[in-house]
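Peer 1: Would you mind keeping the following structure in view while I ask a few things?
The values are calculated or read from the model by the stated rules, or taken from the named source; none is laboratory data. All values derive from a computational prediction rather than experimental measurement. Here the Cβ positions follow ideal geometry from the backbone for every residue, glycine too, while neighbour counts run over all protein chains shown. Heads up: the accessible areas ignore ligands, DNA and RNA and are worked out on the full protein's heavy atoms, side chains in. Shrake-Rupley method; radii C 1.70, N 1.55, O 1.52, S 1.80 Å.
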Amino acid sequence: MPFAELRVVEISAGIAAAYCGKLFTDTGADVIKIEPPTGDPLRRWGVSGTEYPSSGVLFDFLHAGKDSVVAEPSSAATVAHLFECADLIVTDGSGGWTLPFVRELAGPDSSAVAVTVTPFGLDGPYAEADRAVNEFVLQAMCGSIEGRGWPGEMPLQAGGRTGEWVAGVYGAVAAAAAVRRSRRIGEGDVIDVSIFESMVVTMGGLGAVSASVLGARQPAVGRSLELPSIVPTADGLVGFCTITAQQFADFLVLIERPDLLDDADLASFAGRVRRRDEFREMVHAWAADRTTAEIVEIASALRIPVAPIGTPTSVADIDHFQERGVFVKNSAGRLQPRVPYRSAAFDTAPPAPPPPLGDSGRITRWDNRSRPNPGSPGEQSRPLHGLRIIDFTAFWAGPCATHTLAALGADVIKVEGLRRPDGMRFSGGLPPTVDRWWEWGPVFLASNSGKRDVTLELSRDDARELALRLIATADLVIENFSPRVMNNLGLTWDDVRAANSRAVLVRMPAFGLDGPWRDRVGFAQTMEQASGMAWMTGPADGPPIIPRGVCDPVAGLHAAFAALAALEVRDRTGCGMQIESTMVEAALNVAAEALLEAGAHGKEPMRDGNRGPGASPQGVYATAEDDRWLALAVLDDDQWKRFAALIGRPDLAGREDLATERGRRAAADELDRVVASWAGTTGVDEAVEMLATAAVAGARVTRAVDLLDDPHLVARGFWEEVEHPVVGRFRTTGMPFRMQSVDGPWMRTAAPLLGQHNSEILGEILGLTPEELRALTQTGVIGERPAGL
C-alpha cells in the first residue's frame, strides 16, 4: 500500500482532522489516535440524535483501522515516544493538544510533518478572538448560505458538514506533499489548515473572484436555485444539470418544447430565474407522467447530465453502484462506501474494526529509525518541485486537482483543444462581443493559476503524437472526461504506458470506467443528486436542493491525494500505473454519515432547513436591515443560558424543558419565533457583536462579494493578487493552508491564456523549430483562439 511505512499520530474531536487521518489509513499508514479518558466526543455522536455509548457509526467510519491510546497533555510523557517516532502528526488542537505542544513533543530534530486543522487557522482576527462556530455558522461566513434560495426568501444551508470533510482532504493533500519533501531533504514542516478558508474556496468564494475580475461589469446576482434541477416524477424524483448552452437546448427537446429553442431569455439563467414559475410548471407537467427510469434513459441518450435522487436508504440499491461494488460491508456488517479511487498497482485498506478506547499496549511498537540526511541548508523549494503534470482536465473538478498540485510546486502543463477548449473559459465572463472574451471566465481564472497552457487539436494525428511526446516527459497525466473521450483520441492507458512507463495516469470519470452509467456525463450537481447530498439539503416540507458545486473540488482533491499516493508506489517500483478516481464515489464518502445512520437504525435522516443536530436553536433570521440575515447556532447548554440573558429572556433559561439541546430541539418552532422577534429589531452587525461578546456562535450571512474585504481573510493573506495579460490585476483564492516551508504567495502566475505557452512548451521541451511551430499554427494543430472565433 502507498503509505505502508508511514507513522501517523492523530488527535481529533471532529470530522476534519479525523478524515485527514482516515485518508492515510486507507492507503496503509499506521495511525495511532490519542484520546482523552472519556474518549473522542465523536464516539457518542449521531446525526439522528442518537447518543452512542461507546462508538457511533460516523466514528467507526472515520477511525476504522486506527489504534487508540488514552492520554492528556498533563500526561504527555506517556506518549512522547509516539511523537518522537512519527512521520506525520495531525491535530485539531482539541483537548489542549495545540500545535506548539505537539511539536515540542516531537523534538527539535524531528523531520515529522505536523498538520493542524482548525476553524480559522492559527492566527488572524477570528482565531485570536476564539470565535465559537460550527459548520452552519462557517457556511454563513463563507458565502455559501447567502446564495442558496429564491430572492426575497430565507437563504438555506447545505445539509451535512461538507466543509469539514473538504478541509480534511486539503490537509491530507498538503501533508502527502510535505511528507514527500521531508523524505527528500530530511526536514519537517508545519501545515496550518483553515476550515473557513477551505469553505471559501469550495463553497462560496468563486463569486468573490468573479466580482474582482469583472468589477462593475458583473451582473447583479441574487439568491437562486438551479433550473432545471430536481423534478418530481410519476414515481419519485429525478435530477438534471444543464451547464452548457447545448445541454439546455437538448433539455428543451427532452421536455418536448423545441418551440422554445429560440427563446434567448429562457436560455439565460437569469431569464429562467425571472420566469421560474412558468418554467417549473412546464417541466413538472412533462415529468409527472413519466417514471424516473424512463426519464433517465431518454436524457442519457441525449447526453444531458441526469441521475435519480439518492436517499440514505436507497442509494446503495442503485444498479450502477451495485454492479461496481461501490458499497462494501464494514466490520459491523453494514454498508459503507469504499475508498473512492483504485488501481491494479496497489491495494487500499479494507474496512477494519474501529479501535476500542485506550489500547495502550500499542504505544511501544514504534522504534526509532534513521532519518534522511538534511538537504542543502538553503533549499526552499516547494514540496512538489520537480514533478511535471500533463493536464487534460476541464471545468472545475479536474482543474481543482491540478491547481492544488501546481500551488504545491508541480509544473502543470494544461492541454486544450482549439475546437473544444476548457468549457469554463466561456462561463460567467463577458459576452462574445468583447475581444478575447474567452479569457474572462472567473471560475477558469480561479482554478488554473500557476499552470502553463498549450493547445493541441487532438482530433489530428500530429497533435496526438505531440501529446504523447509531452507525456514522455511527465510524472503524472490527469484527465476528467467521460471514458470514451480518451479512447477516441487514442490516449488510453496503453498509449500512455507505451510513451512513458513511469507515468501515473489519473482518470476522473464521473461514474467510473465500467458499469451501466460508464458513458454518462456528469457534473458536480449530478453527483450531489445521485449521492444523497441533495437529499439532506432544503426545507423540511419541500423538495431536495443541491448543495451547489462542492462535489467538483471534493472529487478534485481526492484525485490529487490519489495521485500523490500513487507516486509513492511509482517511486519504489519504478513503474507507472493507471488510477481510477471516480467523482461520484468521492461524493458518496463525504455524504456517508446519513447512509451509515440509516443502515444502523433503519430510519432515514431528513433535511430540515437551517436546523441541524448539535445546536438548538439554529437558523437564519431576518434582521432590521433589508435582506440582511443573521445566522445563529446555540452550541451547548451554557451558550443557551447566555443567549437567553442577552435577549432579555431569563425566563427561558430557567425552563427545565429547554435546559438541554434535545429539549430545545423539541421546541424549535417556539424558539425560532423568539429569536426572529429579537433579530428583527436589531441590525445584523450589532447582533453579531452582541453574540460574540456573549461567546455565542453567530455570524452575518455573508454575500460572496463581501468576502474580498473580510478582515480575517485579508489579515491571513488568503486573497492573492495576480496580473493577467487580458484581464489585468485581480484577486483570486490562494490555498486554504499555510506551509512553513513555503514563502510568498501560492499563485505565482495568473491562469494562462489559451495557447500562451505553445512556443515555450513545444519549442523548449520538445525541440520544435519556429518553422515547425508556424506550420502547426497554419494547419490548425495549435493556436491562440478557439476554432471559429
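Peer 1: Carbon and sulfur together cover what percent of the accessible area of segment 49-167 at a 1.4 Å probe radius?
Peer 2: Of all accessible area on segment 49-167, carbon and sulfur atoms account for 51 percent.
Peer 1: Take the Cβ-Cβ distance between L260 and D123 as r, set R0 to 56 Å, and report the resulting FRET efficiency rounded to the nearest 0.05.
Peer 2: 0.55
Peer 1: Something else now. May I ask you to list the lysines whose Cα is less than 19 Å away from that of K451, ignoring any residue fewer than eight positions away on the same chain?
Peer 2: Here the lysines satisfying the reach criterion relative to K451 are K414.
Peer 1: Once you put a point 7 Å from the Cα of E465 and another 7 Å from the Cα of D235, both along the Cβ direction, what distance in nm separates them?
Peer 2: Taking the two extended label points, one gets 5.4 nm.
Peer 1: Now, a different point. Just how far, in whole angstrom, is segment 22-41 from segment 513-588 if you go by their alpha carbon centroids?
Peer 2: 24
Peer 1: Now for a different question. Roll a 1.4 Å probe over the protein chains and send me the accessible area per residue for segment 379-508 in Å².
Peer 2: So segment 379-508 comes to 31 Å² accessible per residue, rounded to a whole number.
Peer 1: To continue, here is another question. Hey, what did segment 93-231 get for relative contact order, percent, Cα under 8 Å, at least 6 apart?
Peer 2: Computed value for segment 93-231: 35 percent relative contact order.
Peer 1: How many angstrom lie between the C-alpha centres of segment 659-699 and segment 240-263?
Peer 2: First find each Cα centre; the distance between them is then 44 Å.
Peer 1: Let me ask you something else. What number, rounded to the nearest 500 deg cm²/dmol, is the helix-based mean residue ellipticity at 222 nm of the chain, given -39500 (n - 2.57) per DSSP H run of at least four residues and division by all its residues?
Peer 2: Result for the chain, helices only: -10000 deg cm²/dmol.
Peer 1: Pull out the extension gain between D519 and R275, defined as 0.36 nm times the separation in residues minus the alpha carbon to alpha carbon distance; nm, one decimal.
Peer 2: 84.5 nm
Peer 1: Each residue of segment 241-254 in turn: what ³J(HN,Hα) in whole Hz from Karplus with 6.51, -1.76, 1.60 and θ = phi - 60°, glycine and Pro shown as x?
Peer 2: Karplus-based 3J(HN,Hα) across segment 241-254 equals 8, 10, 6, 9, 4, 5, 5, 5, 4, 5, 5, 4, 5, 4 Hz.
Peer 1: Something else now. When the accessible area of segment 675-789 is split by element with a 1.4 Å probe, what percent falls to carbon and sulfur?
Peer 2: Whole-percent figure for carbon plus sulfur exposure: 49.
Peer 1: Here's something else I'd like to know. Between the alpha-carbon centers of segment 152-219 and segment 386-455, tell me the distance in whole angstrom.
Peer 2: 18
Peer 1: How many Å² of accessible area per residue for segment 33-188, probe 1.4 Å?
Peer 2: The answer is 31 Å² per residue.
Peer 1: Further question on the same structure: What ³J(HN,Hα) values, in whole Hz, does the Karplus curve 6.51 cos²θ - 1.76 cosθ + 1.60 give for segment 54-66 when θ = phi - 60°, with x put for Gly and Pro?
Peer 2: For segment 54-66, the Karplus curve yields 10, 8, x, 5, 5, 4, 4, 5, 6, 10, 4, x, 8 Hz.
Peer 1: Taking R0 as 45 Å, what FRET efficiency do you get between E721 and E656 from their Cβ-Cβ distance, rounded to the nearest 0.05?
Peer 2: Here the calculated transfer efficiency is 0.20.
Peer 1: Take the chain, mark every one of the GluC sites (Glu not before Pro) that falls in a DSSP loop and has at most 12 other Cβ within 10 Å, then report the longest stretch left between them, sites excluded.
Peer 2: Longest site-free region, per DSSP loop and neighbour criteria: 257-789.
Peer 1: Heavy atoms only, probe 1.4 angstrom, no DNA, RNA or ligands counted: give me D130, D67, D189, D638 ranked by accessible area, highest first.
Peer 2: Order by accessible area, largest first: D130, D638, D67, D189.
Peer 1: Using 1/(1 + (r/R0)^6) with R0 = 30 angstrom and r between the beta carbons of R748 and T492, what's the FRET efficiency to the nearest 0.05?
Peer 2: 0.35
Peer 1: So, one more: What's the Kirkwood radius of the chain in Å, using all Cα pairs?
Peer 2: With all distinct Cα pairs of the chain included, I get 27.0 Å.
Peer 1: Follow-up question, since we're still on this one. Tell me which lysines have Cα within less than 19 Å of K603's Cα, excluding those fewer than 8 residues away on the same chain?
Peer 2: Counting by Cα, and skipping residues close in sequence, K603 has these lysines nearby: K329.
Peer 1: Here's another thing I want to ask about it. Just the number please: accessible area per residue for segment 666-789, 1.4 Å probe, all protein chains included, in Å².
Peer 2: Each residue of segment 666-789 exposes 45 Å² on average to a 1.4 Å probe.
Peer 1: Give me the one-decimal nm value for the distance between modelled label points at R303 and T364, 7 Å along each residue's Cα-to-Cβ direction.
Peer 2: Distance between label points: 6.5 nm.
Peer 1: PRE reach from A667 (point 7 Å along Cα→Cβ): which of segment 609-651 fall under 14 Å by backbone N?
Peer 2: Only 616-618, 637, 640-645, 649-651 pass the distance filter.
Peer 1: Taking only the alpha-carbon positions of segment 636-789 and ignoring solvent, what does the Debye formula give for the base-10 log of I(q)/I(0) at q = 0.09, 0.11, 0.19, 0.21 Å⁻¹?
Peer 2: -0.60, -0.71, -1.14, -1.23
Peer 1: Peptides 34-40, 571-577: what's the order by average Cβ count within 10 Å, highest mean first?
Peer 2: 34-40, 571-577
Peer 1: Need one word for segment 404-512: rounded, prolate or oblate. Basis is the Cα gyration tensor (sqrt eigenvalues a ≥ b ≥ c); a/c below 1.5 gives rounded, then a/b vs b/c decides.
Peer 2: prolate
Peer 1: If you don't mind, another one. Give me, ordered by chain and number, the residues 5 or more places off V90 or on other chains with an amide H under 5 Å from its own placed amide H.
Peer 2: Long-range HN contacts for V90: V9, E10, I11, V115.
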